[in-house]
1. Starting from segment 282-294, take each residue that is of a type in the set (Phe, Trp, Tyr) and list its partners that are at pLDDT 95 or above and buried (at least 23 other Cβ atoms within 10 Å of the Cβ), counting only C-beta distances under 6 angstrom and pairs at least six apart or across chains.
2. Limited to segment 414-431, what total is found for residues that are within 18 Å of Ser334 (Cα to Cα) and assigned to a loop (DSSP other than H, G, I, E, B)?
3. In the set Glu414, Glu422, which member is within 26 Å of Thr379 (Cβ to Cβ) and charged (D, E, K, R)?
4. Quick one: which residue in Pro372, Pro417, Pro393, Pro362 is under 18 Å from Ile515 (Cα atoms) and within 27 Å of the chain's Cα centre (by Cα)?
5. Hey, does segment 516-523 have a residue that's over 32 Å from the mean Cα position of the chain (by Cα) and either buried (at least 22 other Cβ atoms within 10 Å of the Cβ) or in contact (Cβ under 8 Å) with a residue 12 or more places away in the chain (or both)?
6. Can you pull out every residue in segment 596-610 that is among the polar types (S, T, N, Q) and open to solvent by 60 Å² or more (accessible area, probe 1.4 Å)?
7. In segment 616-633, what residues are exposed (fewer than 12 other Cβ atoms within 10 Å of the Cβ) and farther than 21 Å from Val564 by Cβ?
8. For the subset of segment 137-161 comprising residues that are aliphatic (A, V, I, L, M) and open to solvent by less than 40 Å² (accessible area, probe 1.4 Å), which member is farthest from Met412 (Cα to Cα)?
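The values are calculated or read from the model by the stated rules, or taken from the named source; none is laboratory data. Since the structure is predicted, the reported quantities are computational estimates derived from the model, not experimental observations. Counting neighbours? That spans all protein chains shown, and the Cβs are built from the backbone with ideal geometry, glycine included. For the accessible areas, the whole protein counts, side chains as well, though only heavy atoms, and no ligand, DNA or RNA atoms are used. Shrake-Rupley method; radii C 1.70, N 1.55, O 1.52, S 1.80 Å.
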Amino acid sequence: MAQIHKSHRGELMLQERRHTPKELSDAIPHYIESDMPKQHADFFTGLSYLPLATLDRQGRPWVSLLVTQSDNDPSIGIQVAGRNTTHVVAKTNPNDPFLRAVDQDPASGLEARLFAGVGIDFANRRRNKIAGSIRAASVEDGGKIRLQLLSDQHLGNCPKYITVRNLVHDKRSPEIVHDRFDAPISALPDEAKSVVARASTVFLATKHTSDDTAAGVQTDMGVNHRGGAPGFTRLYEEDDGAQVTTYLVLPDHSGNRFYQSLGNIETDPQVGLVFPDFALGGILYITGDAENLLGDDADALMPRLSLLTRIKVTGAVFVRGGLNLKLASPEQLSPYNPPVKYLRAELEQMGHTIEAHDATIPLTAKLVATKPLSSTISTFEFALSKPIKAPLPGGFGVFGFSDLVDAGYSHMNEANPQLVNEDYVRTWTLSSAPKFDKESNAFRTTNRVSVTVKRKPDGLMSNVLHSNADKLITHKLPVQFKGTGAGFSCFSEAAEGSRPNLPAKMLWIAGGVGITPFMAMWDGIKRVATAYPQHRSIDIVLLFSGRDDDIAVLQHFAEQNGSVSDQVTLRIVAFQSAGENPLAAKSARDGLDATFTDQPLKLEERRMHNADIQSVTHLGMRDVYMCGPEAMMTSTDAALNELGIEEAKRHRETFVF
């Protein structure tokens, strides 16, 4: 059979926008085989589940996860007859929209009922795509379906982003919870939303309706696997008072640069998705209208993304117990998964509002000085190309290093999978505060910012800074300064011209490099206290937990030459846990003892316990600020719950991007 697939205008447009090399674009049609290779045939016949999609009479794609194994029905399975005919006998739940679509007349204007699928083996991350037309179909009672598929497109796919899991057949009792197959759309139930929030696997069905058949471009469908860390698909709602509209956002992870699915969306927005819940057995089917957002449009919705797909949900079906598969092993996430990216609105709800600077005047930062604080932690001072209005102390800066270290596209990287989706952007807390202007009662604009960064063994950018600081300073190499943001600060906005607001009593709890926002807060408090030495008293207790010589960062809080007003008191308790360098640990303790001769500092060679929080004087009257590793934050919250500290007095730095 002659090769018939050609890249259409939607695919070609995205390939050009995303800089797919021309030689690859020209070669793509030759990767798609018209006849099913024998290894694909052997692969499909061994599958026990098959994601498959078709169109309903309205032309809407619906994708299912058909189960092709059974404990008591030998007719269930997949057989390949000849090179291009595949017989599928499968079982699904009776409410599966795929069954309903197959039972309807084909979409108008189509000579044949289209199908597309992606054979996938979760046990070994192997997958192959298939597409063509449905020659015959019959739906039986109980959700059994028989299909005769005639395929004319076959393509092997890479294993990135597939979660490894072993699945076995499990006969469940399906219960329809939400059915908007034909009915007007409404908000998804919470149970369905939770499936999206936990999912590391989704299947996306797209279609292309050709208007250029003379050029060899055919009307067809495609199904692709989309995977990532649990929650990589984001969901948000818009409520206009009369109706709730649901949107799904799929970030684009680096792939093969064919852009078949996203190219289809450029020419036809209708898509289908299925979210299987392998743990609980529920399954969520979605159809909707999709759009690709690129560049600034993507970043406006989801910061640090240059390409994403947003789907407006127009139809949905959720079936509890609708998936006749269950996990037979723990799930193993792909090492290629990038961290979950959050919507801008979600970040703002977390207190991380990003203030981007004028893109027409690029802002750069040049490293001008470094100050080692411990064997692994240093402060890096940058000079900006123009002054900025810095966020309140505790805020962050966004740095882009792609001009220095971006190695370009790589399809796979077994040695360092995270590099495949690396954007070379880092968001670090600004660990110093600008000078304070008493006349305006505001922190001044500044062209100097500092960040305090811990070197991590597997930290790409932390190692770039620590290992190349001298070169960056000597050669005055600029990096991008993309913006700033605030949220986690003991300072709160006051009316223009008024003094900054500060709680009178505070408890700061920090772990490791989580001390950095408190460094800036302390600088800011000192500057305000110097301007207003007779202002009301401020009482702070700092509990800090660090390994080995990490506690040396507390040198930042040492008073120098009476720099702190008598109205400000800071008591520090440092908890030093044992690490791999006892000599450095002792040196750090000795250094703190020598520095804090006139300040209250207590050193404990152990981990912090709940009793240490409970022992803080006037605990119930203090605003509590927490920043540190997730385990520390969780245990601290649990301790505060036990002690009855009200939620309104707790402030967390939950850095997620």
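1. Tyr285/Pro97; Tyr285/Val274; Tyr285/Val317
2. 4
3. Glu422
4. Pro393
5. yes
6. Thr597, Asn610
7. Selection gives Gly620, Glu630, Ala631.
8. Applying the filter and picking the extreme gives Ile145.
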